[in-house]
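Input: a single structure, listed below in structure tokens.
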Amino acid sequence: MSSRQLHLNVNLLHSGVYASAWRLPDSDPRACFDVGHYVRVARIAERGKLDAIFLADTPAVTDRIDYRPFMSLEPTIILAMIAASTSHIGLIATASTTYNEPYNIARRFATLDHASGGRSGWNAVTTADAASSRNFGLSGVLEHKARYDRAKEFAEVVHALWDSWEDDAFVGDKATARFVDTSKVHPIAHRGTYYSVAGPLNVPRSPQGRPITVQAGGSNDGRDLAAAQAEAVFTLAQTIDEGVAYARDLRARAAAYGRPGDAIVILPGLATVIGSTEAEARRRQDELWELVPIEYSLARLAGTLQIDPAQLKLDKPLPDPLPLPANANHTMFNGTVNLARRGNLTVRELLRALGGGVGHRIIVGTPERIADDIEAWFRAGAADGFNLMPDVLPDGLEAFVETVVPILQNRGLFRKEYAGSTLRDHFGLPKPPSRFAKRASAAASA
Ligand SMILES: Cc1cc2nc3c(=O)[nH]c(=O)nc-3n(C[C@H](O)[C@H](O)[C@H](O)COP(=O)(O)O)c2cc1C
């Protein structure tokens, strides 16, 4: 068994990553509103010994809900339900740094960490869609750089709050009536550009010390946030070269913050369409693609490129030039345009390659082919693992767990059993000491 182990997450996108997944005969159209659906999928992921499940989130109706399921239920409540029905699978959810307060987010994910025995992870995103801004008294999306500057301070405050209790602050001594050793509970006294937070947190230090912080956003600002504050990143890469270049850049940035190269687990998105034969997998992809209304895919692409859909001619390449709008989703914009230019694709071919809006890399094929692909990226250093997006849920994940995972296990690339019970154990990340405990011991030894 090689020492470096693969990490596999599942991005639990309601009925599956394809916009048409809910329309397949065996799919339950109501799945995205059914907590039981998420619990069932999480249990399949745990059976496959996967690292974690991830629930994306935006606090608004953003997608074309006339066509497809969407992010609806509040993710941390779903994760709490899943925590009660599972024992090892990691539990990661998005919470916006633009439309929340650091104290509430620190408290919510620390509580989830206590409730799950140390399996909690927070995906810190700035929320780049306009619909959310209008739900929080804004007329539009905050400027890209400002969103990330705020996110950086937000994450600093959350981490300080998570450190505000030392591991052994709780006493609970009935004889001496001593409940908590308050000398080990610390105000954080944060005064910054965006936040002023006294602290301490009102939740004791959680099993992981700090829940895992994840970041998703590959722009220059996004990478800087990840390098400074994240322990795992969700990325978008369409080729091994892109993956290697991103990994090198991120690790160099982390080193500039004094962090070791393996301090961050890099997980590109990977959508999977599995068949027992190549032909069967292609047929499944065709069936899913043909059920995606073309006007939906066009609207989604125009949204990513922030252009009028009328500019997109199906049998022509993308308009050229196509400048990157300053406040766009840089990762998705660049990933999409690079995919089109690299393959000299027409809009119709691009939409098909994007699976009608998936945006991430899609692999279609037999379990062996998918295992070979995952191994190639892993060995090339283009990824520490993947944020899997099965085509249809739960079936697509069931197929991955039943057919691809055993191949990866037999090649010694992926765990056959969980070695520990926390998300940090799964990701191979150390438990960070509280900064206050560190200061106390430094003062004691001075
Ligand atoms: C795998 C992945 C998951 C994401 N999940 C969310 C999410 O749950 N909510 C959200 O608002 N944005 C999400 N995003 C979008 C990012 O937060 C970010 O806005 C986007 O990647 C653009 O970032 P950039 O402009 O820094 O490149 C996700 C992005 C990726 C790659």
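The values are calculated or read from the model by the stated rules, or taken from the named source; none is laboratory data. The structure displayed is predicted, hence computed values, not measured ones. Using ideal geometry, Cβ is built from the backbone for each residue, glycine included, and neighbour counts are taken over all protein chains shown. Side chains are part of the model used for accessible areas, which takes the heavy atoms of the whole protein and leaves out ligands, DNA and RNA. Shrake-Rupley method; radii C 1.70, N 1.55, O 1.52, S 1.80 Å.
A single entry from ILE65, ILE44, ILE82, ILE89 fulfils the requirement of being assigned by TED's automatic domain parsing to the domain that holds ARG147 and farther than 24 Å from LEU267 by Cα: ILE65. Just so you know, in region 142-155 the residues that are of a type outside the set (Lys, Arg) and crowded, with 20+ Cβ neighbours inside 10 Å include one that is nearest to SER441 (Cα to Cα), and it is ALA155. Note on region 141-250: enclosed strands (runs of 3 or more DSSP E) holding 3 or more residues that are assigned by TED's automatic domain parsing to the domain that holds SER120 and among the β-branched types (Val, Ile, Thr) are 212-216. Scanning region 250-282 for residues that are touching a residue at least 40 places away in the same chain (Cβ under 8 Å), under 20 Å from GLY217 (Cβ atoms) and open to solvent by 10 Å² or more (accessible area, probe 1.4 Å) yields a single hit, ALA263. Being surrounded by fewer than 17 Cβ atoms within 10 Å (Cβ to Cβ) and in a helix (DSSP H, G or I) is a description that applies to ALA131. Of the residues making up region 267-319, those that are within 16 Å of the ligand (Cβ to nearest atom), assigned by TED's automatic domain parsing to the domain that holds TYR246 and not hydroxyl-bearing (Ser, Thr, Tyr) are LEU267, PRO268, GLY269, LEU270, ALA271.
Of ALA228, ALA216, all but one fail to be within 16 Å of the ligand (Cβ to nearest atom), among the aliphatic types (A, V, I, L, M), under 21 Å from the mean Cα position of the chain (by Cα) and surrounded by fewer than 23 Cβ atoms within 10 Å (Cβ to Cβ); the exception is ALA228. Counting only helices (runs of 4 or more DSSP H) that sit completely within region 283-370, those holding 2 or more residues that are surrounded by fewer than 16 Cβ atoms within 10 Å (Cβ to Cβ) correspond to 294-305, 330-343. Look at (1) under 14 Å from ILE212 (Cα atoms); (2) touching a strand residue (DSSP E or B) at 6+ places or on another chain (Cβ under 8 Å) and you find that GLY117 fails only one, number (2). Restricted to region 41-58, and to residues there that are in contact with an Asp or Glu (Cβ under 9 Å, 6 or more places away or on another chain) and in a loop (DSSP other than H, G, I, E, B), the residue that is nearest to ARG424 (Cα to Cα) is LYS49.
Of the residues making up region 26-75, those that are at pLDDT below 95, open to solvent by 40 Å² or more (accessible area, probe 1.4 Å) and more than 15 Å from the ligand (Cβ to nearest atom) are ASP26, ARG64, ILE65, ASP66, TYR67.
Scoring ALA189 on the criteria (1) surrounded by fewer than 20 Cβ atoms within 10 Å (Cβ to Cβ); (2) touching a residue at least 24 places away in the same chain (Cβ under 8 Å); (3) more than 16 Å from the ligand (Cβ to nearest atom) leaves a single failure, condition (2).
In the set (1) surrounded by fewer than 14 Cβ atoms within 10 Å (Cβ to Cβ); (2) among the β-branched types (Val, Ile, Thr); (3) within 26 Å of the chain's Cα centre (by Cα), the condition left unmet by VAL158 is number (1). Do we find a residue being within 16 Å of the ligand (Cβ to nearest atom) and either modelled with pLDDT under 95 or touching a His at 6+ places or on another chain (Cβ under 7 Å) (or both) anywhere in region 147-165? The answer is no; no qualifying residue exists.
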